[in-house]
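Here is the structure we will look at.
The values are calculated or read from the model by the stated rules, or taken from the named source; none is laboratory data. Given the structure is predicted, the values throughout are model-derived calculations rather than measurements. Glycine gets a Cβ as well: all are built from the backbone with ideal geometry, and neighbour counts include every protein chain shown.
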Amino acid sequence: MQVLVNVATHMIMCVASTVGSMHDLTLFRTSGVRLPLDTALIGDAGYQGIWKDHPHAITPHKATKTAPLTDEMRQDNRILAHTRQGVEHVIRRLKIFRILKGVYRHRRHRFSLRLHLIAALCNLNSVCSH
């Protein structure tokens with residue numbers, strides 16, 4: 001499951017899913033989501049390489065055995081994690097619905113509809129509670 005969230009408003013902008021497991025970046029590329037190139041994207045470590053498709057994408061720095069993270073890179077990762085914290089809270093609101101927590105055992109063609117309805121309910125709850 002992929003969720004695009006507006007960081008400023010914490011509103012769910014788009015959701016996408018696939019049958020079975022798929023790498024985050026592959027799901028993003030095949031989902032058909034098109035954003036203006038000047039839009040900033042913030043992704044987790046699963047989206048390494050997204051900047052090839054989207055020049056303003058930001059992902060955490062990764063250390064290697066030969067090149068550990070510098071203090072500046074660690075600080076960047078902390079700032080990114082702090083920003084992503086709000087997005088993770090939105091994903092938590094989605095997963096309160098039991099249907100999204102575990103294995104989906106119903107008709108596959110209805111999952112997308114149900115996912116979009118749950119996202120709409122979460123957005124409505126967010127608007128009404130503020």
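Among the residues of the stretch 75-92, which ones are out of contact with any Cys (no Cβ under 8 Å at 6 or more places or on another chain) and surrounded by 14 or more Cβ atoms within 10 Å (Cβ to Cβ)?
Step one: filter the stretch 75-92 for residues out of contact with any Cys (no Cβ under 8 Å at 6 or more places or on another chain), giving 75-89, 91-92.
Matches in the stretch 75-92: Asp76, Asn77, Leu80, Arg84, Gly86, Val87, Ile91.
Test Lys95 against the criterion of being closer than 19 Å to Met22 by Cβ, loosely packed, with under 11 Cβ neighbours inside 10 Å and under 16 Å from the mean Cα position of the chain (by Cα), and give yes or no.
On the way: closer than 19 Å to Met22 by Cβ: yes; loosely packed, with under 11 Cβ neighbours inside 10 Å: no; under 16 Å from the mean Cα position of the chain (by Cα): yes.
So Lys95 fails the test.
Do we find a residue being modelled with pLDDT of 90 or more, closer than 14 Å to Val3 by Cβ and of a type outside the set (A, V, I, L, M, F, W, C) anywhere in the stretch 64-84? Checked against the condition, which is being modelled with pLDDT of 90 or more, closer than 14 Å to Val3 by Cβ and of a type outside the set (A, V, I, L, M, F, W, C), the stretch 64-84 yields at least one hit. Of all residues in the stretch 3-41, those satisfying the criterion of being over 25 Å from Arg110 (Cβ atoms) and either in a loop (DSSP other than H, G, I, E, B) or acidic (Asp, Glu) (or both) are Asn6, Val7, Ala8, Thr9, His10, Arg34, Leu35, Pro36, Leu37, Asp38, Thr39, Ala40. Across the stretch 91-110, the qualifying residues are those that are among the aliphatic types (A, V, I, L, M) and assigned to a loop (DSSP other than H, G, I, E, B), and the one among them that is farthest from Cys14 (Cα to Cα) is Val103. For the stretch 50-58, the criterion of a residue being of a type in the set (Gly, Ala, Ser), closer than 21 Å to Glu88 by Cβ and in contact with a Gly (Cβ under 8 Å, 6 or more places away or on another chain) is satisfied by at least one position. Every listed requirement among (1) surrounded by 12 or more Cβ atoms within 10 Å (Cβ to Cβ); (2) farther than 21 Å from Thr9 by Cβ; (3) among the hydrophobic types (A, V, I, L, M, F, W, C) is met by Leu113 save one, (1). If you go through the stretch 116-130 and keep only what is surrounded by fewer than 16 Cβ atoms within 10 Å (Cβ to Cβ) and either among the hydroxyl-bearing types (Ser, Thr, Tyr) or more than 17 Å from Ala8 (Cα to Cα) (or both), you end up with His116, Leu117, Ala120, Leu121, Ser126, Ser129.
Given the structure, is Asp38 acidic (Asp, Glu) and free of Cβ contacts under 8 Å to residues at least 40 places away in the same chain? Outline the logic, then answer.
Details: acidic (Asp, Glu): yes; free of Cβ contacts under 8 Å to residues at least 40 places away in the same chain: yes.
Against the criterion (acidic (Asp, Glu) and free of Cβ contacts under 8 Å to residues at least 40 places away in the same chain), Asp38 qualifies.
Here is the figure for the stretch 43-90: residues that are touching a residue at least 40 places away in the same chain (Cβ under 8 Å), among the hydrophobic types (A, V, I, L, M, F, W, C) and either part of a loop (DSSP other than H, G, I, E, B) or in contact with a helix residue (DSSP H, G or I) (Cβ under 9 Å, 6 or more places away or on another chain) (or both) total 1.
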